[in-house]
1. Any idea how many residues of segment 258-296 are more than 26 Å from the chain's Cα centre (by Cα) and part of a helix (DSSP H, G or I)?
2. Collect the residues in segment 333-370 that are among the polar types (S, T, N, Q) and touching a Lys or Arg at 6+ places or on another chain (Cβ under 9 Å), keeping them in residue-number order.
3. Filter segment 151-172 down to residues that are of a type in the set (Gly, Ala, Ser) and assigned to a helix (DSSP H, G or I) and give me whichever is modelled with the highest pLDDT.
4. Looking only at segment 79-118, how many residues end up being of a type outside the set (S, T, N, Q), more than 30 Å from Lys165 (Cβ to Cβ) and without any contact (Cβ under 8 Å) to a residue 60 or more places away in the chain?
5. Out of segment 9-33, which residues are over 19 Å from Val75 (Cα atoms) and among the small types (Gly, Ala, Ser)?
6. With the condition kept exactly as written, say whether any residue in segment 259-277 is of a type outside the set (Gly, Ala, Ser), assigned by TED's automatic domain parsing to the domain that holds Gly369, surrounded by fewer than 20 Cβ atoms within 10 Å (Cβ to Cβ) and touching a Leu at 6+ places or on another chain (Cβ under 6 Å).
7. Out of all the residues in segment 53-70, is one or more surrounded by fewer than 16 Cβ atoms within 10 Å (Cβ to Cβ), modelled with pLDDT under 90, of a type in the set (S, T, N, Q) and under 26 Å from Ser166 (Cβ atoms)?
8. What do you reckon, is Ala248 at positive phi and touching a residue at least 12 places away in the same chain (Cβ under 8 Å)?
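The values are calculated or read from the model by the stated rules, or taken from the named source; none is laboratory data. If you're wondering where the values come from, they're calculated on a predicted model, not measured in any experiment. A quick note on method: Cβ atoms are made from the backbone with ideal geometry, for glycine too, and the neighbour counts reach across all protein chains shown.
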Amino acid sequence: MSNARPIRRALISVSDKTGIVEFAQALAQRGVDILSTGGTARLLAEQGIAVTEVSDYTGFPEMMDGRVKTLHPKVHGGVLGRRGQDDDVMATHGINPIDMVVVNLYPFAATVAKEGCTLEDAVENIDIGGPTMVRSAAKNHKDVTIVVNAHDYDRVIAEMDANDKSLTLETRFDLAIAAFEHTASYDGMIANYFGTMVPSYGENKEGDEESKFPRTFNQQFVKKQDMRYGENSHQDAAFYVEANPEEASVSTARQIQGKALSYNNIADTDAALECVKEFDEPACVIVKHANPCGVALGKDILEAYDRAYKTDPTSAFGGIIAFNQELDAETAKAIVERQFVEVIIAPSVSVEAVEVVAAKKNVRLLECGEWTTKTTGFDVKRVNGGFWFKTATKAWYRLMTLKWFLSVNQQKKS
């Protein structure tokens, strides 16, 4: 296997230490020499894992309250050195090759999300050495493995066991892409955060006022699924979700059964769920073509569904049904016996309700979880060549508009 590279030396420096002890133990058991820094090195040593401090390896101490730890030629030369090309210069300067880098970055997002976070707190949680090592290892993926996600630890060990302690180029390339995605997201968060601190000058603005909107907007989206087609059959499409999506959304929902969601299913399910979130009482919303055709409250969700369905039974056919409380078996039975439905979504679904809906195997049944807020941070719309962002519509305003819509609709039918 000519493109495989054995792992003999690994550098480990992580902020999120989830699973790192077990991973380091597995590497050590396979004969890998481990270099590490600061708190990570202390943790591994406390667990009885043989580890060499980077400061001992480089002969240069950590300094400036830990700001300078890994920024040294013996570290980056070992990571960036091209096997078979830079061997002589590495030997001349006493630089040993580093075959694996395991790094995740300072918790910038968690820090700035804390109430009372100061500018100094934010600045001190901007990682410098970490992204540098990540990018160096990812750039040199032809020879070096970079691991930034704890969920890849088991995968790496399994492949080492299957390939005589080596990893293939295909795996190294995949992990390198994940590394670049990781640093892109990290830098984007930093730019967004500090971008809101740029003074906003303009009409009705004070010169020193901070903006709700950063000067540049950076957002990472992760592909959740490829779709058979888009809104129309001639269009290619894929569904992407935010790297850190809102709670209780169509993006985070768990599909219990049914066919894959289509483009229109996702759009209509989002409309139905966001509408039903407005209510505290048991509520049901039925949506067809992104418009509510039935919205109702009841003493329980069965009564709410019955009322929503009777609002417009014709349009409810083939619609999307959303609830703001758990879907129970009685309500599920009423739905599947009464109408054809594309999607049912609720915060939770009882075991008995799952069994009822299972009789209609094509019905897409989704469980989205509970929500604590009724609105998201921003509404976004694409226009040719750009996007506009606005703060989300307040719940009371959306509810007032919905009541007006239902009132007008009822008058038309009477």
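1. Looking only at segment 258-296, we keep the residues that are more than 26 Å from the chain's Cα centre (by Cα), and these are 279-289, 291-296.
Applying the additional criterion that residues be part of a helix (DSSP H, G or I) yields none.
Result for segment 258-296: 0.
2. Within segment 333-370, the subset among the polar types (S, T, N, Q) is 339, 348, 350, 362.
Of everything in segment 333-370, just one residue is among the polar types (S, T, N, Q) and touching a Lys or Arg at 6+ places or on another chain (Cβ under 9 Å), namely Asn362.
3. Here is the first cut: in segment 151-172, the ones of a type in the set (Gly, Ala, Ser) are 158, 162, 166.
With assigned to a helix (DSSP H, G or I) added as a condition, the list becomes 158, 162.
Numbers: Ala158: 94, Ala162: 91.
Checked segment 151-172; the qualifying residue modelled with the highest pLDDT is Ala158.
4. Our first condition is that a residue be of a type outside the set (S, T, N, Q); within segment 79-118, this holds for 79-84, 86-91, 93-95, 97-103, 105-110, 112-117.
Next cut, more than 30 Å from Lys165 (Cβ to Cβ) only: 106-110, 112-117.
Subset that is without any contact (Cβ under 8 Å) to a residue 60 or more places away in the chain: 110, 113-117.
Qualifying residue count for the region: 6.
5. Those that are over 19 Å from Val75 (Cα atoms) and among the small types (Gly, Ala, Ser): Gly19, Ala26, Ala28, Gly31.
6. no
7. At the first step, the residues of segment 53-70 found to be surrounded by fewer than 16 Cβ atoms within 10 Å (Cβ to Cβ) are 56, 59, 61, 63-68.
Add one more test, that the residue is modelled with pLDDT under 90, and what stays is 56, 59, 61, 63-68.
Imposing the further condition that a residue be of a type in the set (S, T, N, Q) reduces the set to none.
No, there is no match, as no residue in segment 53-70 is surrounded by fewer than 16 Cβ atoms within 10 Å (Cβ to Cβ), modelled with pLDDT under 90, of a type in the set (S, T, N, Q) and under 26 Å from Ser166 (Cβ atoms).
8. Working: at positive phi: yes; touching a residue at least 12 places away in the same chain (Cβ under 8 Å): yes.
The answer is yes for Ala248.
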